[in-house]
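J.: Can you read through this structure? Questions will come right after.
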Amino acid sequence: MTGHSQAPMELNTHIAHPARVYDYWLGGKDNFPADIRAAEAVIAEMPEIRLAVRENRAFLRRVVRFLAGEAGIRQFIDLGAGLPTQGNVHEIAHQVAPDAQVVYVDNDPIVNVHGEALLAGQATSIVLADLRDPAAALDHPGVRAAIDLDQPVAVLLLAVLHLVADTEDPGRIVAGYRDRIGPGSYLALSHGTADINTQAARRAAERFARAPNAAPYVHRSHAEVLRFFDGLELVEPGLVQIPLWRPDGPLPEELERVNGYGGVGRKS
């Protein structure tokens, strides 16, 4: 990997990779035929997936515009980021605040290699770390080089906590970040739920369970997601269905197919 002593990572473009599949659902170009085949197979089973993914990315954009604009944040840590493509945090933040510092964090070596290539020459970085270990992630040299935790920072946990099992104590993980960031900082998250469309939620959980190297897909209720904001002041309109968080255009016609909540909290 770039800047390290390890042998170069084999990207295996003939094998579908989740981050590139996600990029395809977003309408991106950082994917290959194997990723497209896998993405279309999921769409055939879960036709709502493309809408959900794109609404989550639209939520990200609205959140980052708010944070870089109205909230005045100049530091962003995007945890479990995936590929930094398709209008991601650094692009949106720099439209509002060109001096904003953005660090992407992901525990996938392939994402890290792709990300380093995509971000080459930009004032944005990606580091290899696991969000489930807040201390290790925040103390990573690549994070500390760009982010001053004594100053306000935005921590983003978007569409990732539902991949963390209850046995891994996601509440503890979120608290690990909340307790390290200083006053005036923000935490933003989006999370899958079964509250809105139970049938679609069941399809998603079953599909994830069958995937290679299966990760959990834990749908949590509004009350359960709300607990992640303990100790923070929720920004209006609070924790709501993702498209309803400060919409800047028409709501999707099939609103009931967007199975997720989103919100932003501020640390006093």
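The values are calculated or read from the model by the stated rules, or taken from the named source; none is laboratory data. Note that the structure is predicted; figures quoted are calculated from it, not measured. We place every Cβ from the backbone using ideal geometry, glycine too, and count neighbours over all the protein chains shown.
J.: Can you spot a residue in region 92-100 that is free of Cβ contacts under 8 Å to residues at least 40 places away in the same chain, under 24 Å from residue 18 (Cβ atoms) and in contact with a helix residue (DSSP H, G or I) (Cβ under 7 Å, 6 or more places away or on another chain)? Spell out the reasoning first.
T.: Our first condition is that a residue be free of Cβ contacts under 8 Å to residues at least 40 places away in the same chain; within region 92-100, this holds for 92-100.
Subset that is under 24 Å from residue 18 (Cβ atoms): 92.
Next, only the ones that are in contact with a helix residue (DSSP H, G or I) (Cβ under 7 Å, 6 or more places away or on another chain) stay: 92.
Checking region 92-100: at least one residue is free of Cβ contacts under 8 Å to residues at least 40 places away in the same chain, under 24 Å from residue 18 (Cβ atoms) and in contact with a helix residue (DSSP H, G or I) (Cβ under 7 Å, 6 or more places away or on another chain).
J.: Any residue in region 126-134 that is surrounded by fewer than 21 Cβ atoms within 10 Å (Cβ to Cβ), out of contact with any helix residue (DSSP H, G or I) (no Cβ under 6 Å at 6 or more places or on another chain) and free of Cβ contacts under 8 Å to residues at least 60 places away in the same chain?
T.: yes
J.: Return the only residue of 160, 164 being under 19 Å from residue 218 (Cβ atoms), out of contact with any Lys or Arg (no Cβ under 9 Å at 6 or more places or on another chain), at pLDDT below 95 and of a type outside the set (Asp, Glu). Spell out the reasoning first.
T.: Numbers: 164 fails: out of contact with any Lys or Arg (no Cβ under 9 Å at 6 or more places or on another chain).
Answer to the check: 160.
J.: While we're on this one: Somewhere in region 173-193, is a residue of a type outside the set (A, V, I, L, M), in a helix (DSSP H, G or I), buried (at least 20 other Cβ atoms within 10 Å of the Cβ) and touching a His at 6+ places or on another chain (Cβ under 9 Å)? Full working, then the answer.
T.: Just the residues of region 173-193 that are of a type outside the set (A, V, I, L, M), to begin with: 176-180, 182-186, 190-193.
Retained after the next criterion (residues that are in a helix (DSSP H, G or I)): 176-178.
Restricting the remaining residues to those that are buried (at least 20 other Cβ atoms within 10 Å of the Cβ) gives 177.
With the extra rule that they be touching a His at 6+ places or on another chain (Cβ under 9 Å), the set shrinks to none.
Within region 173-193, none of the residues are of a type outside the set (A, V, I, L, M), in a helix (DSSP H, G or I), buried (at least 20 other Cβ atoms within 10 Å of the Cβ) and touching a His at 6+ places or on another chain (Cβ under 9 Å).
J.: Look through 113, 105, 155 and report the one residue that is touching a residue at least 24 places away in the same chain (Cβ under 8 Å), in contact with a Pro (Cβ under 9 Å, 6 or more places away or on another chain) and either of a type in the set (A, V, I, L, M, F, W, C) or surrounded by 21 or more Cβ atoms within 10 Å (Cβ to Cβ) (or both). Please lay out each step first, then the result.
T.: Numbers: 105 fails: in contact with a Pro (Cβ under 9 Å, 6 or more places away or on another chain); 155 fails: in contact with a Pro (Cβ under 9 Å, 6 or more places away or on another chain).
Matching residue, one of 113, 105, 155: 113.
J.: Starting from residues that are at pLDDT below 85 and closer than 26 Å to residue 62 by Cβ, keep the ones in region 198-226 and report whichever is surrounded by the fewest Cβ atoms within 10 Å (Cβ to Cβ).
T.: Going through the qualifying residues, I end up with 217.
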